[in-house]
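For reference, the structure is listed below as C-alpha coordinates.
The values are calculated or read from the model by the stated rules, or taken from the named source; none is laboratory data. Values in this document were obtained by computation on a predicted structure and should not be read as measured data. So basically every Cβ, Gly included, is an ideal-geometry build from the backbone, and we count neighbours across all protein chains shown. Keep in mind that these areas ignore ligands, DNA and RNA; they rest on the heavy atoms of the full protein, side chains included. Shrake-Rupley method; radii C 1.70, N 1.55, O 1.52, S 1.80 Å.
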Amino acid sequence: MSEPAQTMAVAVSAAGLWTSPDAARTLDAPALDTPARLRAWARAQGPDERRDLWGRVDSQLLLGETVLVREVRDGWARINAPAQPTRKDPRGYPGWLPLAQLAAPAERTGAHVVVTEQVTDLRDGPGGRVVADDVSYATVLPARRRQDGYTEVGLPGGGTGWLADKHLDDHRARGPLPTGEQLVTAARLFLGLMYLAGGTHGLMLDCSGLPHLIYRRFGHTVPRDASDLALLGEHVEVADLAPGDLAVFQNDETGDVYHTGVCTGGAQEVLHVSQTDWACVDGVLTERRRRHLVSGRRLRSA
(Lines give C-alpha, C1' and ligand atoms only; values in the text may rest on other atoms or scores of the structure.)
Protein backbone atom coordinates (compact mmCIF):
# COMPACT_ATOMS: atom_id res chain seq x y z
CA MET A 1 0.00 0.00 0.00
CA SER A 2 1.37 3.43 -0.91
CA GLU A 3 1.97 6.00 1.80
CA PRO A 4 -0.61 8.82 2.13
CA ALA A 5 0.24 12.04 0.33
CA GLN A 6 1.91 14.78 2.33
CA THR A 7 0.40 18.26 2.18
CA MET A 8 2.93 21.01 1.49
CA ALA A 9 2.78 24.52 0.04
CA VAL A 10 4.61 26.51 -2.60
CA ALA A 11 7.27 28.69 -0.94
CA VAL A 12 8.31 30.81 -3.97
CA SER A 13 6.41 33.45 -5.94
CA ALA A 14 5.58 30.81 -8.56
CA ALA A 15 6.72 27.23 -9.11
CA GLY A 16 6.54 25.63 -12.55
CA LEU A 17 4.66 22.37 -12.80
CA TRP A 18 6.93 20.29 -15.02
CA THR A 19 5.96 17.14 -16.90
CA SER A 20 9.03 15.31 -15.51
CA PRO A 21 12.28 16.11 -13.67
CA ASP A 22 14.06 15.81 -17.02
CA ALA A 23 11.82 18.37 -18.74
CA ALA A 24 13.63 21.45 -17.45
CA ARG A 25 16.37 22.89 -19.68
CA THR A 26 19.58 24.64 -18.70
CA LEU A 27 18.00 28.01 -19.48
CA ASP A 28 15.19 27.21 -17.02
CA ALA A 29 17.55 27.37 -14.01
CA PRO A 30 16.17 30.76 -12.80
CA ALA A 31 12.68 29.26 -12.53
CA LEU A 32 14.03 26.37 -10.43
CA ASP A 33 15.84 28.57 -7.91
CA THR A 34 14.67 29.36 -4.38
CA PRO A 35 13.57 32.11 -4.57
CA ALA A 36 12.49 31.75 -8.18
CA ARG A 37 13.93 34.43 -10.50
CA LEU A 38 10.96 34.82 -12.78
CA ARG A 39 12.03 37.93 -14.67
CA ALA A 40 15.39 36.39 -15.53
CA TRP A 41 13.59 33.27 -16.74
CA ALA A 42 11.20 35.32 -18.87
CA ARG A 43 14.09 37.23 -20.45
CA ALA A 44 15.67 33.92 -21.52
CA GLN A 45 12.59 32.96 -23.57
CA GLY A 46 12.65 34.01 -27.20
CA PRO A 47 10.01 32.63 -29.59
CA ASP A 48 11.93 29.40 -30.23
CA GLU A 49 12.52 28.83 -26.51
CA ARG A 50 8.85 29.49 -25.76
CA ARG A 51 7.76 26.98 -28.38
CA ASP A 52 10.13 24.46 -26.83
CA LEU A 53 8.32 24.83 -23.47
CA TRP A 54 5.25 23.00 -24.81
CA GLY A 55 5.26 19.54 -23.34
CA ARG A 56 7.75 20.58 -20.67
CA VAL A 57 5.79 22.81 -18.27
CA ASP A 58 2.03 22.45 -17.91
CA SER A 59 1.19 25.05 -15.29
CA GLN A 60 2.46 27.25 -12.47
CA LEU A 61 1.57 27.23 -8.78
CA LEU A 62 1.49 30.44 -6.76
CA LEU A 63 3.00 31.28 -3.38
CA GLY A 64 1.04 29.55 -0.62
CA GLU A 65 -0.80 27.15 -2.96
CA THR A 66 -1.08 23.73 -1.33
CA VAL A 67 -0.01 20.53 -3.05
CA LEU A 68 -0.23 16.81 -2.33
CA VAL A 69 3.25 15.27 -2.53
CA ARG A 70 3.05 11.73 -3.95
CA GLU A 71 6.74 10.96 -4.46
CA VAL A 72 10.16 12.52 -3.91
CA ARG A 73 12.99 11.68 -6.27
CA ASP A 74 16.42 13.30 -6.68
CA GLY A 75 15.33 16.65 -5.29
CA TRP A 76 12.01 16.71 -7.16
CA ALA A 77 8.48 16.19 -5.87
CA ARG A 78 5.69 14.55 -7.86
CA ILE A 79 2.53 16.35 -6.80
CA ASN A 80 -1.12 17.05 -7.41
CA ALA A 81 -2.44 20.62 -7.21
CA PRO A 82 -6.00 20.53 -5.79
CA ALA A 83 -6.63 24.22 -6.63
CA GLN A 84 -6.25 23.39 -10.33
CA PRO A 85 -9.04 20.92 -11.22
CA THR A 86 -8.49 18.76 -14.27
CA ARG A 87 -9.93 15.72 -15.97
CA LYS A 88 -6.37 14.38 -16.00
CA ASP A 89 -6.56 13.50 -12.29
CA PRO A 90 -9.41 13.90 -9.75
CA ARG A 91 -6.84 14.87 -7.10
CA GLY A 92 -5.77 17.98 -9.03
CA TYR A 93 -3.31 18.89 -11.75
CA PRO A 94 -0.35 16.47 -11.73
CA GLY A 95 3.30 17.22 -12.31
CA TRP A 96 6.75 17.72 -10.85
CA LEU A 97 8.43 20.65 -9.14
CA PRO A 98 11.67 21.17 -7.18
CA LEU A 99 11.31 19.97 -3.60
CA ALA A 100 13.25 23.04 -2.42
CA GLN A 101 10.36 25.23 -3.61
CA LEU A 102 8.00 23.62 -1.09
CA ALA A 103 7.57 24.07 2.66
CA ALA A 104 5.03 23.33 5.39
CA PRO A 105 1.79 25.25 4.80
CA ALA A 106 1.38 28.53 6.63
CA GLU A 107 -0.63 28.44 9.81
CA ARG A 108 -4.20 29.19 8.88
CA THR A 109 -6.11 32.15 10.27
CA GLY A 110 -9.73 33.11 9.87
CA ALA A 111 -8.96 35.91 7.44
CA HIS A 112 -7.14 35.76 4.12
CA VAL A 113 -6.10 38.40 1.62
CA VAL A 114 -5.66 38.20 -2.15
CA VAL A 115 -3.27 40.17 -4.35
CA THR A 116 -5.13 42.40 -6.82
CA GLU A 117 -2.16 43.95 -8.68
CA GLN A 118 -0.29 42.26 -11.53
CA VAL A 119 2.63 41.69 -9.11
CA THR A 120 3.66 43.11 -5.75
CA ASP A 121 6.60 42.93 -3.33
CA LEU A 122 6.75 41.07 -0.04
CA ARG A 123 8.59 43.07 2.64
CA ASP A 124 10.10 42.41 6.07
CA GLY A 125 7.96 45.13 7.67
CA PRO A 126 5.60 47.98 6.76
CA GLY A 127 7.52 49.86 4.07
CA GLY A 128 10.57 47.73 4.82
CA ARG A 129 13.12 45.76 2.81
CA VAL A 130 11.89 43.63 -0.09
CA VAL A 131 12.36 39.95 0.77
CA ALA A 132 10.50 38.49 -2.24
CA ASP A 133 9.49 40.20 -5.45
CA ASP A 134 6.87 39.42 -8.07
CA VAL A 135 4.21 37.99 -5.78
CA SER A 136 1.46 37.42 -8.31
CA TYR A 137 -2.07 38.63 -8.81
CA ALA A 138 -4.53 36.17 -7.21
CA THR A 139 -2.01 34.94 -4.61
CA VAL A 140 -3.98 34.11 -1.45
CA LEU A 141 -2.32 34.21 1.98
CA PRO A 142 -3.53 34.19 5.60
CA ALA A 143 -3.72 37.66 7.15
CA ARG A 144 -2.21 38.32 10.59
CA ARG A 145 -2.54 42.04 11.32
CA ARG A 146 -2.61 45.43 9.64
CA GLN A 147 -0.25 48.32 10.32
CA ASP A 148 0.65 51.56 8.52
CA GLY A 149 -0.96 50.61 5.22
CA TYR A 150 0.42 47.07 5.16
CA THR A 151 -0.86 43.60 6.10
CA GLU A 152 1.31 40.95 7.72
CA VAL A 153 0.74 37.59 6.05
CA GLY A 154 1.68 34.05 6.99
CA LEU A 155 4.09 32.23 4.71
CA PRO A 156 4.89 28.57 4.04
CA GLY A 157 7.61 27.36 6.38
CA GLY A 158 6.35 29.42 9.32
CA GLY A 159 7.64 32.87 8.39
CA THR A 160 5.73 36.09 7.81
CA GLY A 161 5.98 39.07 5.48
CA TRP A 162 4.18 42.31 4.73
CA LEU A 163 2.16 43.31 1.64
CA ALA A 164 0.88 46.80 0.78
CA ASP A 165 -2.83 47.14 1.47
CA LYS A 166 -3.31 49.07 -1.79
CA HIS A 167 -2.42 45.84 -3.64
CA LEU A 168 -4.79 43.62 -1.62
CA ASP A 169 -8.41 42.78 -1.09
CA ASP A 170 -10.12 40.58 1.47
CA HIS A 171 -10.40 37.06 0.09
CA ARG A 172 -13.76 35.32 0.19
CA ALA A 173 -13.60 31.68 -0.84
CA ARG A 174 -16.64 30.74 -2.94
CA GLY A 175 -18.08 34.23 -2.51
CA PRO A 176 -20.32 36.01 -5.02
CA LEU A 177 -19.51 35.38 -8.65
CA PRO A 178 -17.76 38.30 -10.35
CA THR A 179 -19.77 40.48 -12.69
CA GLY A 180 -19.01 40.71 -16.38
CA GLU A 181 -17.54 44.17 -15.78
CA GLN A 182 -15.26 42.84 -13.03
CA LEU A 183 -14.02 40.01 -15.27
CA VAL A 184 -13.25 42.37 -18.15
CA THR A 185 -11.53 44.93 -15.90
CA ALA A 186 -9.38 42.21 -14.36
CA ALA A 187 -8.47 40.74 -17.75
CA ARG A 188 -7.32 44.13 -19.01
CA LEU A 189 -4.66 44.27 -16.29
CA PHE A 190 -2.66 41.84 -18.41
CA LEU A 191 -2.80 43.50 -21.83
CA GLY A 192 0.58 43.20 -23.54
CA LEU A 193 1.80 40.48 -21.19
CA MET A 194 3.99 37.81 -22.78
CA TYR A 195 2.58 34.41 -23.67
CA LEU A 196 4.34 31.57 -21.88
CA ALA A 197 3.24 27.94 -21.98
CA GLY A 198 1.76 26.90 -18.64
CA GLY A 199 1.76 30.45 -17.31
CA THR A 200 -0.60 31.28 -14.46
CA HIS A 201 1.39 34.20 -12.98
CA GLY A 202 1.01 37.96 -13.26
CA LEU A 203 4.17 38.20 -15.38
CA MET A 204 3.47 35.27 -17.73
CA LEU A 205 0.28 33.59 -18.88
CA ASP A 206 -1.07 31.16 -21.41
CA CYS A 207 -4.60 31.39 -22.78
CA SER A 208 -6.35 29.34 -20.09
CA GLY A 209 -4.13 30.66 -17.33
CA LEU A 210 -5.84 34.04 -17.70
CA PRO A 211 -9.42 33.03 -16.71
CA HIS A 212 -8.06 30.59 -14.12
CA LEU A 213 -6.18 33.43 -12.44
CA ILE A 214 -9.08 35.90 -12.60
CA TYR A 215 -11.57 33.52 -11.04
CA ARG A 216 -9.06 32.65 -8.32
CA ARG A 217 -8.79 36.35 -7.46
CA PHE A 218 -12.57 36.39 -6.86
CA GLY A 219 -12.51 33.26 -4.67
CA HIS A 220 -13.55 30.62 -7.20
CA THR A 221 -11.61 27.51 -8.15
CA VAL A 222 -11.86 26.71 -11.86
CA PRO A 223 -9.77 24.51 -14.18
CA ARG A 224 -6.64 25.84 -15.86
CA ASP A 225 -6.93 24.06 -19.25
CA ALA A 226 -9.06 25.36 -22.11
CA SER A 227 -10.72 21.98 -22.69
CA ASP A 228 -11.89 21.88 -19.06
CA LEU A 229 -12.95 25.53 -19.01
CA ALA A 230 -15.15 24.70 -22.00
CA LEU A 231 -17.40 22.76 -19.58
CA LEU A 232 -17.67 25.58 -17.02
CA GLY A 233 -20.94 27.32 -16.18
CA GLU A 234 -23.66 27.69 -18.80
CA HIS A 235 -23.43 27.23 -22.56
CA VAL A 236 -23.78 30.43 -24.59
CA GLU A 237 -24.31 30.64 -28.34
CA VAL A 238 -21.77 32.73 -30.24
CA ALA A 239 -24.40 35.30 -31.22
CA ASP A 240 -25.30 35.80 -27.54
CA LEU A 241 -21.79 36.31 -26.15
CA ALA A 242 -21.52 39.31 -23.83
CA PRO A 243 -18.71 40.97 -21.83
CA GLY A 244 -17.29 38.62 -19.21
CA ASP A 245 -18.28 35.41 -21.00
CA LEU A 246 -15.54 32.94 -21.89
CA ALA A 247 -14.97 32.36 -25.59
CA VAL A 248 -14.39 28.74 -26.63
CA PHE A 249 -12.25 28.00 -29.71
CA GLN A 250 -12.24 24.61 -31.40
CA ASN A 251 -9.98 23.28 -34.13
CA ASP A 252 -12.22 22.67 -37.14
CA GLU A 253 -10.13 19.74 -38.30
CA THR A 254 -9.57 17.80 -35.05
CA GLY A 255 -12.58 19.00 -33.06
CA ASP A 256 -10.34 19.74 -30.07
CA VAL A 257 -10.91 22.78 -27.85
CA TYR A 258 -7.54 24.51 -27.91
CA HIS A 259 -8.03 28.14 -26.90
CA THR A 260 -10.09 30.46 -24.71
CA GLY A 261 -10.40 34.13 -23.84
CA VAL A 262 -12.62 36.70 -22.13
CA CYS A 263 -15.23 38.51 -24.23
CA THR A 264 -14.92 42.29 -23.92
CA GLY A 265 -17.65 43.29 -26.35
CA GLY A 266 -19.74 41.31 -28.78
CA ALA A 267 -18.91 37.93 -30.25
CA GLN A 268 -15.95 39.28 -32.22
CA GLU A 269 -14.21 41.19 -29.40
CA VAL A 270 -12.13 38.93 -27.17
CA LEU A 271 -9.23 39.59 -24.82
CA HIS A 272 -6.98 36.55 -24.98
CA VAL A 273 -3.40 35.44 -24.42
CA SER A 274 -2.50 34.50 -27.96
CA GLN A 275 0.41 32.23 -28.84
CA THR A 276 0.42 33.53 -32.41
CA ASP A 277 0.89 37.09 -31.08
CA TRP A 278 3.10 35.98 -28.14
CA ALA A 279 1.09 38.40 -26.00
CA CYS A 280 -2.20 39.21 -24.31
CA VAL A 281 -4.26 41.13 -26.88
CA ASP A 282 -7.76 42.63 -27.05
CA GLY A 283 -9.85 43.45 -30.07
CA VAL A 284 -11.55 42.07 -33.15
CA LEU A 285 -10.66 38.45 -33.86
CA THR A 286 -8.72 37.33 -36.90
CA GLU A 287 -10.52 35.39 -39.60
CA ARG A 288 -9.04 32.10 -38.37
CA ARG A 289 -10.09 32.80 -34.78
CA ARG A 290 -13.61 33.74 -35.90
CA ARG A 291 -13.88 30.45 -37.75
CA HIS A 292 -12.78 28.52 -34.65
CA LEU A 293 -15.04 30.38 -32.18
CA VAL A 294 -17.79 27.82 -31.60
CA SER A 295 -19.49 28.83 -28.34
CA GLY A 296 -19.08 30.50 -24.99
CA ARG A 297 -19.42 29.72 -21.32
CA ARG A 298 -21.04 31.97 -18.72
CA LEU A 299 -20.04 31.89 -15.06
CA ARG A 300 -20.72 35.36 -13.69
CA SER A 301 -23.32 37.47 -12.01
CA ALA A 302 -25.36 40.00 -13.95
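Go through ASP121, ASP89, ASP133 for me and flag whichever is of a type in the set (D, E, K, R) and either at positive phi or touching a Ser or Thr at 6+ places or on another chain (Cβ under 8 Å) (or both).
Just a single option satisfies the conditions, and that option is ASP133.
Name the single residue that is nearest to LYS166 (Cα to Cα) among those in segment 129-153 being touching a Gly at 6+ places or on another chain (Cβ under 9 Å) and not in a strand (DSSP E or B).
Among those residues, the one meeting the criterion is GLY149.
Please enumerate the residues belonging to segment 101-128 that are of a type in the set (Gly, Ala, Ser) and part of a strand (DSSP E or B).
Answer for segment 101-128, where residues must be of a type in the set (Gly, Ala, Ser) and part of a strand (DSSP E or B): just ALA103.
Which members of segment 170-213 meet the condition of being part of a helix (DSSP H, G or I), aliphatic (A, V, I, L, M) and surrounded by 24 or more Cβ atoms within 10 Å (Cβ to Cβ)?
If the condition is that a residue be part of a helix (DSSP H, G or I), aliphatic (A, V, I, L, M) and surrounded by 24 or more Cβ atoms within 10 Å (Cβ to Cβ), then LEU183, ALA187, LEU210, LEU213 are the ones that fit.
Checking ILE79 against (1) within 22 Å of GLY159 (Cβ to Cβ); (2) modelled with pLDDT of 95 or more; (3) assigned to a loop (DSSP other than H, G, I, E, B): exactly one of these is not met. Which one?
(3)
Check ASP134, ASP124 and return the single one that is surrounded by 15 or more Cβ atoms within 10 Å (Cβ to Cβ) and either within 24 Å of GLY158 (Cβ to Cβ) or among the charged types (D, E, K, R) (or both).
Testing whether each residue is surrounded by 15 or more Cβ atoms within 10 Å (Cβ to Cβ) and either within 24 Å of GLY158 (Cβ to Cβ) or among the charged types (D, E, K, R) (or both) leaves just ASP134.
For the condition at pLDDT 95 or above and either over 19 Å from the mean Cα position of the chain (by Cα) or farther than 23 Å from PHE190 by Cα (or both), what is the one hit in VAL281, VAL238, VAL262?
None of the other options fit; the residue is VAL238.
Considering only residues that are out of contact with any helix residue (DSSP H, G or I) (no Cβ under 9 Å at 6 or more places or on another chain) and either open to solvent by 20 Å² or more (accessible area, probe 1.4 Å) or in a loop (DSSP other than H, G, I, E, B) (or both), which ones fall in segment 221-237?
Matches in segment 221-237: SER227, ALA230, LEU231, GLY233, GLU234, HIS235, GLU237.
From the set of residues in segment 15-41 that are open to solvent by less than 20 Å² (accessible area, probe 1.4 Å) and not in a strand (DSSP E or B), which is farthest from HIS201 (Cα to Cα)?
Taking the candidates together, the pick is ALA23.
For segment 18-50, enumerate the residues that are in contact (Cβ under 8 Å) with a residue 40 or more places away in the chain and over 23 Å from GLY154 (Cα atoms).
Answer for segment 18-50, where residues must be in contact (Cβ under 8 Å) with a residue 40 or more places away in the chain and over 23 Å from GLY154 (Cα atoms): TRP18, THR19, SER20, PRO21, ALA23, ARG39, ALA42, GLN45, PRO47, ARG50.
Given the conditions (1) modelled with pLDDT of 95 or more; (2) open to solvent by less than 40 Å² (accessible area, probe 1.4 Å); (3) within 15 Å of GLY198 (Cβ to Cβ); (4) not in a helix (DSSP H, G or I), and given that PRO94 satisfies all but one, which numbered condition is not satisfied?
(2)
List the number of the failed condition for TRP54; all other conditions in (1) assigned to a helix (DSSP H, G or I); (2) in contact (Cβ under 8 Å) with a residue 60 or more places away in the chain; (3) not β-branched (Val, Ile, Thr) hold.
Answer for TRP54: the failing condition is (1).
So the check is Cβ under 9 Å with 6+ separation or different chains; which pairs have a first residue in segment 132-154 that's free of Cβ contacts under 8 Å to residues at least 24 places away in the same chain and a second one that's among the basic types (Lys, Arg) and open to solvent by 10 Å² or more (accessible area, probe 1.4 Å)?
Close Cβ pairs (under 9 Å, with a partner that is among the basic types (Lys, Arg) and open to solvent by 10 Å² or more (accessible area, probe 1.4 Å)) amount to GLY149/LYS166; GLU152/ARG144; GLU152/ARG145; GLU152/ARG146.
From the set of residues in segment 97-108 that are small (Gly, Ala, Ser) and surrounded by 15 or more Cβ atoms within 10 Å (Cβ to Cβ), which is farthest from ALA173 (Cα to Cα)?
ALA100
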